[in-house]
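S.K.: The structure that follows is given in the form of structure tokens.
Here, each number is a calculation from the coordinates, and none is a lab measurement. Given the structure is predicted, the values throughout are model-derived calculations rather than measurements. Cβ placement follows ideal geometry from the backbone for every residue including glycine, while neighbour counts extend to all protein chains displayed.
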Amino acid sequence: MIRYLLGRLGQAALLLVGVSFITFVLLYILPADPARQLAGRSATPETVEAIRVQLGLDRPFHEQYTRYLGNLVQGDLGRSYAQKTEVTEVVAARLPPTLLLMAGAIVVELAIGLTIGVLAALRPGSRFDHGAMILSFVGVSTPQFVAGILMLYVFSVQLDWFPVGGYGTWRHLVLPALTLGLLGAGWYSRMMRSAMLDVMARDFVRTARAKGVSEWRVVLVHAFRNAVLPIVAMIGIDIGLFMSGAVIVESVFGWPGIGQLAWQAIQQVDIPIIMGVTLVAAVAIVLGNLLADLVAPFMDPRVRLRTPTNR
Amino acid sequence: MTVFRVDNLAVSFGGAGRRVRVVDGVSFSVDRGETLGLVGESGCGKSVTVLSSVRLQPSPPSHVDTGAAWLGDTNLMGLDAKALRNLWGSRIGVVFQDPMTSLNPVFTIGSQLRETLATHTRGSAAEREERVLAMLARVGINAPQRRLQQYPHELSGGLRQRVLIAMALMLRPELLIADEPTTALDVTLQAQILTLLRELRDEFGMGIVFVTHDLGVVAQFCDRVAVMYAGRIVESARVGELFRAPRHPYTRALLASTPTLESPKDQLLATIEGMVPSPGQRGTGCSFAPRCGQASSRCREEAPQLIEADGRSLACFHPVS
């Protein structure tokens with residue numbers, strides 16, 4: 001177990017270096033100039049040049065990157081160009097709302113996705129099944145900015161059930177979490193439906209029936225516990241999807257999280273913040289996958305953890 | 001004393017309009033402490049017959065068209081789902097063919113065994129634990145305490161089949177349905193499982209309906225045997241009589257196609273010419289007529305009824321003497 005974790009963490013460290021390098025290269029070759037952006041429109045070329053030297057942007061690429069990496073190892077992500085504060089502080093302040101939003105989205109996708117999937121599988125070919133599968137198709141295909149704006153219009157503007165945006169109470173969370181979780185709910189209802197149909201035809205389900213076990217127990221205990229296994233693994237991967245989704249959803253709903261921060265930083269070419277957010281997202285994806293792998297043996301006794309290197 | 005009696009069971013598959021008769025007018029009965037073998041080749045309807053008779057064949061797609069199945073004074077065909085669940089696992093035990101896939105992979109052996117007790121009986125957790133351990137020991141599982149914590153994948157096929165037998169017999173059912181319980185096991189294990197089932201049958205006094213395609217197993221294990229062909233019983237008799245003097249041409253051909261230790265090594269096995277008609281293509285006559293050497297024009301037009309005489313039954317116009 002310890003060896004497994006060390007192996008996985010070593011992999012994660014390498015991955016983070018790779019992510020930081022690629023992001024750095026992309027930002028370097030970007031035509032936008034952070035110094036000019038900071039100096040403002042009316043600044044003289046001398047001022048812009050002075051800012052560039054001050055930020056170290058006049059140095060060659062390899063020098064800039066090694067300096068960044070050196071600081072990163074010491075836990076220093078630099079200072080925001082625009083806000084003049086430590087990146088770590090800015091990111092740390094924005095992390096809790098995003099985590100809350102993700103937790104809400106996971107609840108949404110599991111609650112809606114699994115319920116619809118199981119119900120549809122119980123009566124394949126029924127009207128409910130057809131309706132649910134059309135709905136899930138809509139859920140999977142609707143872009144998040146469209147879904148978000150529609151929900152805002154219907155539930156906030158017309159019905160006035162939820163606030164139009166912002167952060168603070170559970171009522172603020174409902175619409176953003178629904179929007180972010182909609183895609184997953186659509187996916188999971190389809191996955192769960194086919195997994196349940198598959199499992200309900202297995203021999204052990206017949207054995208359970210032959211014991212006289214009640215039908216709801218056959219479905220919700222014997223079949224469900226097996227059908228849900230692939231979905232548990234998917235939730236870890238979802239965290240990565242949520243990171244990109246958060247940029248859109250947080251912007252639509254004015255949710256003060258990492259996604260909104262990323263959006264603002266990109267507009268201002270605030271390189272340290274962009275780097276910081278990217279690394280946080282990468283860490284989240286790594287942790288999400290690791291968590292899914294660690295949970296798997298508890299869900300499925302046949303799964304054993306194996307260090308990827310000694311396979 | 002008859003434990004279980006099936007009268008004129010007919011089962012079909014498919015929706016309205018495209019319905020295909022798979023089991024056609026099957027009757028049999030089994031006494032206390034007796035084993036009835038239901039034998040026939042793959043696809044003859046033997047599994048559908050027994051599973052439908054205890055209402056465990058999923059419906060739809062299957063449908064029981066006619067017939068009754070009497071467990072004591074109760075006709076299973078007249079029961080609702082709840083009443084059936086009360087019988088399954090308590091008065092009717094079932095052991096299925098493949099022990100590798102018949103246990104739920106994500107639950108421990110112990111929890112799956114306790115579930116049978118929890119479903120049908122009241123009692124404390126400690127009492128259940130005790131009964132489960134006693135039953136595991138009874139079916140010949142060593143270190144039962146340790147097995148309870150284990151998952152199915154940690155057990156061999158033979159052990160899993162013993163666990164499934166323990167599960168089916170936990171509440172001492174009066175009827176055991178065994179649907180090819182030894183087919184997936186190697187010969188040594190097969191013999192062990194058959195010995196165990198025979199002991200438990202004598203100890204509990206239950207009747208067993210034993211589905212198999214293996215005539216060797218029938219000879220070893222069964223008291224009476226019913227031979228099925230294309231959804232019907234064509235002959236039934238005590239095992240000794242059937243093997244000594246088969247009267248239906250199909251039974252005789254089936255026995256002839258079984259190798260024995262005495263068969264010469266260089267001699268090809270006897271085969272039955274032609275193919276089993278698929279359920280949709282059975283005509284009005286005897287289903288075996290197209291493959292039968294004795295068949296007359298009457299056989300092709302009229303299906304012979306199963307007629308009982310001298311303690312054995314036969315459905316043939318031209319029996320082999």
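S.K.: Ignoring everything except DSSP H segments at least 4 long, calculate the 222 nm mean residue ellipticity for the protein assembly as shown; use -39,500 (n - 2.57) per segment, divide by total residues, nearest 500.
M.R.: The helix-only estimate for the protein assembly as shown comes to -16500 deg cm²/dmol at 222 nm.
S.K.: Can you tell me the order of B:127-139, B:47-59, A:130-142 when each peptide is scored by its average per-residue count of other Cβ atoms within 10 angstrom, highest first?
M.R.: Result, highest mean Cβ count within 10 Å first: B:47-59, B:127-139, A:130-142.
S.K.: Once you sort the root eigenvalues of the Cα gyration tensor of segment A:20-148 as a ≥ b ≥ c, which label holds: rounded (a/c under 1.5), prolate (a/b larger than b/c) or oblate (the other case)?
M.R.: Prolate, since a/c reaches 1.5 and a/b exceeds b/c.
S.K.: Set the Förster distance to 25 Å, then compute FRET efficiency between B:Thr121 and A:Met1 from the Cβ-Cβ distance, nearest 0.05.
M.R.: 0.05
S.K.: Something else about it: Using only the alpha-carbon atoms, what does segment B:266-319 span along each of its principal axes? Please give whole angstrom values in decreasing order.
M.R.: If we take the Cα atoms of segment B:266-319, the spans are 40, 31, 21 Å.
S.K.: Run the simple label-point estimate for A:Trp216 and B:Asp202 please: 7 Å along Cα→C-beta, distance reported in nm.
M.R.: Taking the simple label geometry, A:Trp216 and B:Asp202 are separated by 4.6 nm.
S.K.: From the residues B:Gln149, B:Pro105, B:Ile165, which one has its Cα farthest along the dipole of segment B:104-170 in the positive direction, the dipole being from +1 and -1 charges on Cβ of Lys/Arg and Asp/Glu about the Cα centre?
M.R.: Of the candidates, B:Ile165 comes out farthest on the positive side.
S.K.: Next up: Would you kindly calculate the mean projected area, averaged across all directions, of the convex hull enclosing the Cα atoms of segment B:91-207, in square nanometres?
M.R.: Answer in nm², one decimal: 6.6.
S.K.: Taking Cα atoms of chain A, Rg/Rh with Kirkwood Rh, to two decimals?
M.R.: For chain A, the value is 1.07.
S.K.: Using only Cα atoms, tell me the angle between helix A:45-55 and the longest principal axis of chain A; keep it within 0 to 90° and round to the nearest 10.
M.R.: 60 degrees
S.K.: What's the long-distance tail for chain B, i.e. % of Cα pairs beyond 33 Å?
M.R.: The calculated P(r) of chain B puts 29 percent of pairs beyond 33 Å.
S.K.: Hey, got the average number of other protein chain Cβ atoms within 10 angstrom for residues in A:212-220?
M.R.: Taking all residues of A:212-220 together, the mean is 4.
S.K.: Quick one: Cα convex hull volume of segment A:8-96, Å³ per residue?
M.R.: So the per-residue Cα hull volume is 120 Å³.
S.K.: Can you compute the radius of gyration and Dmax for segment B:104-170, using only the Cα atoms, both in Å?
M.R.: Radius of gyration, then largest Cα-Cα span, for segment B:104-170: 10.8, 32 Å.
S.K.: Using just the C-alpha positions of segment B:159-308 as equal point scatterers, what log10 of I(q)/I(0) does the Debye formula give at each q in 0.11, 0.14, 0.19 1/Å?
M.R.: Scattering profile of segment B:159-308, log10 relative to I(0): -0.55, -0.84, -1.21.
S.K.: Sticking with this one: What does the structure give for B:103-111 when I average, per residue, the other chain Cβ atoms found within 10 Å of the residue Cβ?
M.R.: Per residue, the number of nearby Cβ atoms from other chains is 5 on average.
S.K.: What's the ranking of A:238-250, B:18-30 by average number of surrounding C-beta atoms within 10 Å, highest first?
M.R.: Highest mean packing first, the order is A:238-250, B:18-30.
S.K.: In debye to the nearest 20, how big a dipole does segment B:104-170 give about its Cα centre with +1 on each Lys and Arg Cβ and -1 on each Asp and Glu Cβ?
M.R.: Charge dipole, segment B:104-170, about its Cα centre: 100 debye, nearest 20.
S.K.: A further question follows. Using mean Cβ contacts within 10 Å as the protection proxy, how do B:261-271, B:33-43, A:167-177, A:5-15 order, highest first?
M.R.: B:33-43, A:167-177, A:5-15, B:261-271
S.K.: Give me D for the protein assembly as shown in µm² s⁻¹, whole number, from Stokes-Einstein with Rh from the Kirkwood sum over alpha-carbon pairs, 20 °C and 1.002 mPa s.
M.R.: Stokes-Einstein gives a translational diffusion coefficient of 71 µm²/s.
S.K.: Lys and Arg at +1, Asp and Glu at -1: add these up for the other residues within a Cβ distance under 14 Å of B:Val234 and post the number.
M.R.: +3
S.K.: Tell me, what is the FRET efficiency for A:Val303 and A:Leu9 to the nearest 0.05, using R0 = 22 angstrom and their Cβ-Cβ distance as r?
M.R.: Taking R0 as 22 Å, the efficiency between A:Val303 and A:Leu9 is 0.65.
S.K.: List the chymotrypsin sites (Phe, Trp or Tyr not before Pro) within segment B:217-258 that DSSP assigns to loop and that have no more than 13 neighbouring Cβ atoms inside 10 Å.
M.R.: none
S.K.: Among A:Ile274, A:Thr115, A:Phe253, whose Cα lies farthest out toward the positive end of the dipole of segment A:96-303, if unit charges sit on the beta carbon of Lys, Arg (+1) and Asp, Glu (-1)?
M.R.: A:Thr115
S.K.: Taking the Cα centre of the protein assembly as shown as origin, sum charge times position over the Cβ atoms of Lys and Arg (+1) and Asp and Glu (-1), and report the length of that vector in debye to the nearest 20.
M.R.: Approximately 460 debye in magnitude.
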